[in-house]
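One structure is given here, and the rest of the page talks about it.
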Amino acid sequence: MTTTATETDRRQRLLELTATLADDFATRADEHDRENSFPFENFDALKQANYTSLPIPEELGGLGGDLLDLCACQERLAQGDASTALAVNMHLFAIGSMAEQMAMANPTGMLMAGMMAQQRWIIGGGFTEAEIGGNWGFPTTKAVREDRDGIAGFMLNGRKTFTSMAPIIDFFAINTSTTDEDGNAVIGMFTVPRATPGIEIIETWDTMSMRATASHDLVINDAWVPAASLVGMRQPGDADVGANIILSWFCCSVASVYLGVAVGARDFAYQWAKTRRPVLFERPISHFPGVQFHAADIEVELVAARAVIRQTAREWLGGGLRERDDLARIVMAKYVATNAAVRVVDEAMGIVGAPGIFRRHPMQRFYRDVRPGPFHPMTNDVARELIGKAALGIPMEFEPRWG
Ligand SMILES: Cc1cc2nc3c(=O)[nH]c(=O)nc-3n(C[C@H](O)[C@H](O)[C@H](O)COP(=O)(O)OP(=O)(O)OC[C@H]3O[C@@H](n4cnc5c(N)ncnc54)[C@H](O)[C@@H]3O)c2cc1C
């Protein structure tokens, strides 16, 4: 798949917009991190710039970006404020995959995507639970069929954790265990408006990393929704082939956020190395071999990580990676890039040395913020099992699982 001049122009335009936002957010990132506060003003700015509609087609009111644009922009945004980039990513990957499914002539998706863009609505939520962690195919949140005043609907009950952007979500995407019309057990994905009675946010977020994401708990207590809220169903269990679209958007974009954190750490460390000169020496520490070897490892990791993300996104856009067996390739992008990002930040800390742990420098924030990358689905353990089994020709669902 080759890049056209129109795509290059669009990416350049989107990156310029993102750079302006990121540079502004960087001025407040430390304050929000210290105070564990949610940067409402950043999200106002993202909406104002229509960044929240980046992957929605222009004819529906979005910025018309594709998955490669999203990756490039999210990498840049995270250099300014990783928390804002990660939080908005939960919305962007969801509407990106929705907009793509919409291109497959899904009228509800098209209506929803257009409204999201025009109203600047935010979608987020509602996959992770304390009971299941990242095993999203086994939700304990229940949706039970229940009609009200002759209207078909569902009663929802459960509790979700890690609900990024909780203070400003307009629609919660809530993953449930439910039944289809024939009474068979299925996973049901609901889109639930914030004002629905029974929806409540419990403020639990006080963490070491990504502190300004306000990823609180979402409590769903007898929340009744009409049947139209059910926007998707699939078989219970691990990711099926329908997950390729969601995982392509999620893995490539979330990996780009953590890559952006690594780039931020790299830039700070190089600036430090070029200006720090111990009195014993005539030149700054950038002239020391150890620092140069750190820099070499950083560059190699960054180039490799970016290449695997962009190659995966390019293949997806070119119509590839649609088979069940391709999940291993999709997940590999996140596995390679988030782990590389951790190593890059460690190397950058090695260059800066002890001053890197001071609160007054952003280095310690990069060091903390990069850590959760491997924890997002699929985690390192699950990704390695999937990739290893795929390499050896063993289906993920093979029983017994080991031995
Ligand atoms: C900053 C941040 C923001 C987030 N925002 C959101 C959000 O907006 N919405 C949302 O839904 N989620 C969100 N998440 C949740 C995240 O994407 C994961 O779902 C969550 O971190 C997984 O929880 P856990 O670590 O308890 O994982 P678990 O899946 O319980 O994993 C714990 C350990 O057990 C291992 N393990 C678990 N299951 C298996 C298995 N089947 N096979 C082998 N090993 C296994 C894992 O590898 C890991 O070592 C966010 C997370 C973070 C850190």
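Mind checking whether some residue in region 313-323 is closer than 26 Å to residue 389 by Cα and acidic (Asp, Glu)?
First, pick out the residues of region 313-323 that are closer than 26 Å to residue 389 by Cα: 313-323.
Adding the requirement that they be acidic (Asp, Glu) leaves 315, 323.
Among the residues of region 313-323, at least one is closer than 26 Å to residue 389 by Cα and acidic (Asp, Glu), which makes the answer yes.
When you go through 42, 50 one by one, which is the residue that is under 21 Å from residue 256 (Cα atoms), free of Cβ contacts under 8 Å to residues at least 60 places away in the same chain and within 19 Å of the chain's Cα centre (by Cα)?
Details: 50 fails: free of Cβ contacts under 8 Å to residues at least 60 places away in the same chain.
Within the list 42, 50, the selection yields 42.
Hey, among 212, 239, 173, which residue is within 12 Å of the ligand (Cβ to nearest atom), more than 24 Å from residue 98 (Cα to Cα) and either at pLDDT below 95 or not in a loop (DSSP other than H, G, I, E, B) (or both)?
Values: 239 fails: more than 24 Å from residue 98 (Cα to Cα); 173 fails: more than 24 Å from residue 98 (Cα to Cα).
The conditions single out 212.
Which of the residues belonging to region 176-204 are in contact with a helix residue (DSSP H, G or I) (Cβ under 9 Å, 6 or more places away or on another chain), away from the ligand (no atom under 16 Å from the Cβ) and under 30 Å from residue 82 (Cβ atoms)?
193
Would you mind listing the helices (runs of 4 or more DSSP H) fully within region 1-119 where at least 2 residues are in contact with a Gly (Cβ under 8 Å, 6 or more places away or on another chain) and surrounded by fewer than 22 Cβ atoms within 10 Å (Cβ to Cβ)? Show your work before the answer.
Numbers: elements: 5-35, 40-48, 67-80, 82-102, 107-119.
Result: 5-35, 82-102, 107-119.
Name every residue in region 363-381 that is within 9 Å of the ligand (Cβ to nearest atom), farther than 13 Å from residue 210 by Cβ, of a type in the set (A, V, I, L, M, F, W, C) and at pLDDT 95 or above, in order of residue number. Can you show your working first?
Of the residues in region 363-381, the ones within 9 Å of the ligand (Cβ to nearest atom) are 369, 371-381.
If we keep only those that are farther than 13 Å from residue 210 by Cβ as well, we get 374, 377-381.
Filter once more, so that each one left must be of a type in the set (A, V, I, L, M, F, W, C): 378.
Residues satisfying the conditions do not exist here.
Could you say which residue among 328, 307, 313, 341 is within 16 Å of the ligand (Cβ to nearest atom), within 21 Å of residue 257 (Cβ to Cβ) and within 22 Å of the chain's Cα centre (by Cα)? Quick ask: steps written out before the conclusion?
Details: 328 fails: within 21 Å of residue 257 (Cβ to Cβ); 307 fails: within 16 Å of the ligand (Cβ to nearest atom); 313 fails: within 16 Å of the ligand (Cβ to nearest atom).
None of the others qualify; the one that does is 341.
Contact list please: Cβ distance under 9 Å, first residue in region 210-231 and free of Cβ contacts under 8 Å to residues at least 60 places away in the same chain, second residue outside any strand (DSSP E or B) and among the acidic types (Asp, Glu), pairs at least six apart or on different chains.
216/203; 217/203
Within region 123-141, can you find the residues that are part of a strand (DSSP E or B) and buried (at least 16 other Cβ atoms within 10 Å of the Cβ)? So that I can check it myself, show each step before the final result.
Step one: filter region 123-141 for residues part of a strand (DSSP E or B), giving 123-126, 129, 133.
Listed by number, the residues that qualify are 123, 124, 125, 126, 129.
Let's see how each residue does on (1) at pLDDT below 95; (2) assigned to a loop (DSSP other than H, G, I, E, B):
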| position | (1), (2) |
| --- | --- |
| 208 | no, yes |
| 218 | no, no |
| 224 | no, no |
| 228 | yes, no |
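Are there any pairs with C-beta distances below 6 angstrom linking a residue in region 373-397 that is outside the structural domain of residue 134 (by TED's automatic domain parsing) to a residue that is hydroxyl-bearing (Ser, Thr, Tyr) and more than 10 Å from the ligand (Cβ to nearest atom), with the two at least 6 apart or on different chains, and if so which?
Every condition considered, the pairs that remain are 373/258; 373/338; 374/338; 383/335.
Criterion first (crowded, with 18+ Cβ neighbours inside 10 Å and charged (D, E, K, R)) does residue 324 satisfy it?
Numbers: crowded, with 18+ Cβ neighbours inside 10 Å: no; charged (D, E, K, R): yes.
Taking the combined requirement at face value, the residue does not satisfy it.
Identify, from the list 165, 112, 116, 98, the residue that is within 16 Å of the ligand (Cβ to nearest atom) and on the phi < 0 side of the Ramachandran plot.
98
The values are calculated or read from the model by the stated rules, or taken from the named source; none is laboratory data. Just so you know, these numbers come straight off a predicted model, no measurement behind them. Virtual Cβ from ideal backbone geometry, glycine too; neighbours counted across all protein chains shown.
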